[in-house]
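Just below is one structure, and these are the notes that go with it.
The values are calculated or read from the model by the stated rules, or taken from the named source; none is laboratory data. Computed from a prediction, not measured in an experiment: that's the story for all the values here. Glycine gets a Cβ as well: all are built from the backbone with ideal geometry, and neighbour counts include every protein chain shown.
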Amino acid sequence: MGDRQDNDFAVPAESGADGAARPHYRIQVMTGPPEGVLVARLIGPVPGALFADRVCGGLRGWGGERPFRCLLDLRRFEGLIGYDDFAFVATRRRRCAREDAPGRIALVAHGAFDRARAATLQTLFPADAVRGFEDIDSALDWLTAP
């Protein structure tokens, strides 16, 4: 697993100068394991622009020799990722990963509304298959299947 890249960013809960609590969130982006899958795990109210920035950071090391495989773990995500943030990631994906082989993007979330985002993602990633899943194991099975 020589290609493992970990890009972990966390903001602890604390009070601001005005005494108001700032929320805690965490985003972790890594390439592998399993090998050849870009995994983005979002916890709490991660800002959409930070999500886009971190996923694009993970794409920098992707290389064009393998089909694009991405797991978006939104099971503990509490925020909203805007269309523009996903569009930014889609543009970067087209630059960094093979275009001649369709990729796969798995969106894992507990709620049906969150899994329905797969349809929106499909319009931004037309060369890739995008599916929503309720559990990680099913998503990884689909992503790593030949």
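Of the residues examined, Phe88 is one that is outside any strand (DSSP E or B), of a type in the set (Phe, Trp, Tyr), touching a helix residue (DSSP H, G or I) at 6+ places or on another chain (Cβ under 6 Å) and free of Cβ contacts under 8 Å to residues at least 60 places away in the same chain. The residue that is modelled with the lowest pLDDT, among those in the stretch 80-91 that are of a type outside the set (Gly, Ala, Ser) and buried (at least 16 other Cβ atoms within 10 Å of the Cβ), is Ile81.
Residue selection: Arg66 satisfies the criterion of being basic (Lys, Arg), closer than 18 Å to Val29 by Cβ, free of Cβ contacts under 8 Å to residues at least 40 places away in the same chain and surrounded by fewer than 18 Cβ atoms within 10 Å (Cβ to Cβ). Residues considered: Ala49, Ala40. Of these, the only one that is out of contact with any strand residue (DSSP E or B) (no Cβ under 6 Å at 6 or more places or on another chain), of a type outside the set (S, T, N, Q) and at pLDDT 70 or above is Ala49. Taken over the stretch 92-146, the criterion of being modelled with pLDDT of 90 or more, of a type in the set (Gly, Ala, Ser) and under 24 Å from Gly44 (Cα atoms) is satisfied by Ala106, Ala109, Gly132, Ser138, Ala139.
Can you pull out every residue in the stretch 95-136 that is small (Gly, Ala, Ser), assigned to a helix (DSSP H, G or I) and over 19 Å from Arg76 (Cβ atoms)? The answer is Ala119, and nothing else. Scanning the stretch 59-85 for residues that are under 22 Å from Thr144 (Cβ atoms), in a helix (DSSP H, G or I) and either hydroxyl-bearing (Ser, Thr, Tyr) or over 15 Å from the mean Cα position of the chain (by Cα) (or both) yields a count of 0.
Of the numbered criteria (1) surrounded by 14 or more Cβ atoms within 10 Å (Cβ to Cβ); (2) out of contact with any strand residue (DSSP E or B) (no Cβ under 7 Å at 6 or more places or on another chain), the one Phe77 fails is (2). Figure legend. Inter-residue proximity from the stretch 100-127: first residues free of Cβ contacts under 8 Å to residues at least 60 places away in the same chain, second residues assigned to a helix (DSSP H, G or I) and among the β-branched types (Val, Ile, Thr), beta-carbon distance below 6 Å, spacing 6+ or different chains. Indicated pairs: Val108/Ile136.
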